[in-house]
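Below is one structure; the comments refer to it alone.
The values are calculated or read from the model by the stated rules, or taken from the named source; none is laboratory data. This structure is a prediction, so every number in the text was calculated from the model and none was measured. Virtual Cβ from ideal backbone geometry, glycine too; neighbours counted across all protein chains shown.
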């Protein structure tokens, strides 16, 4: 897999690494970060943890979506120790499912595949501020067949849809975040 970089790397640039699980939208994640002036690199999901740790400018990791199911024997998985690297991690779609699966949550086939727009609502009483600047509800793009049925210990729901109970969740202590929808596509307006 080639590495896609954005904008020009300098020694003092903060780095966000996107681990690619084969999503049709992975390059869009890099593009959205580039549009925000954030330097990013698109790398294979199997990038060794030691390779990530040696970059002192690493400030975050994004786990992309992908077409696989995390619970199948041949599913792609993150490197051991990745979730203990002590930088914020955002899982998008499959990346969110992988995050939950690796930490003891439950991922199952959905009763209904979602492909298209969905209305996301913040959870009542949620203290998380991730969606504070957005209208409630807000429109997003979903593209998944599996779903998180049970969150791992330490996670709290921060948003849901009529079909997806865990549309967004976070473990603030470990700086782990996940969304079932695709914020990188133009269909998700905010």
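Name the single residue, out of those in segment 74-105 being touching a helix residue (DSSP H, G or I) at 6+ places or on another chain (Cβ under 8 Å) and loosely packed, with under 14 Cβ neighbours inside 10 Å, that is modelled with the lowest pLDDT.
This residue is 80.
Looking only at segment 68-107, which residues are part of a strand (DSSP E or B) and under 16 Å from the mean Cα position of the chain (by Cα)?
Filtering segment 68-107 down to residues part of a strand (DSSP E or B) leaves 89-92, 106-107.
Selection gives 89, 90, 91, 92, 107.
Can you pull out every residue in segment 39-67 that is assigned to a loop (DSSP other than H, G, I, E, B) and out of contact with any helix residue (DSSP H, G or I) (no Cβ under 9 Å at 6 or more places or on another chain)?
Filtering segment 39-67 down to residues assigned to a loop (DSSP other than H, G, I, E, B) leaves 45-48, 54-57, 64-67.
The answer is 46, 48, 54, 55, 56, 57.
Within the set of pairs 6 or more residues apart or between chains, which connect a residue that is at positive phi inside segment 26-50 to a residue that is surrounded by fewer than 16 Cβ atoms within 10 Å (Cβ to Cβ) with Cβ atoms less than 8 Å apart?
Close Cβ pairs (under 8 Å, with a partner that is surrounded by fewer than 16 Cβ atoms within 10 Å (Cβ to Cβ)) amount to 37/7.
Name every residue in segment 165-190 that is assigned to a loop (DSSP other than H, G, I, E, B), under 21 Å from residue 24 (Cβ atoms) and modelled with pLDDT of 80 or more, in order of residue number.
167, 180, 181
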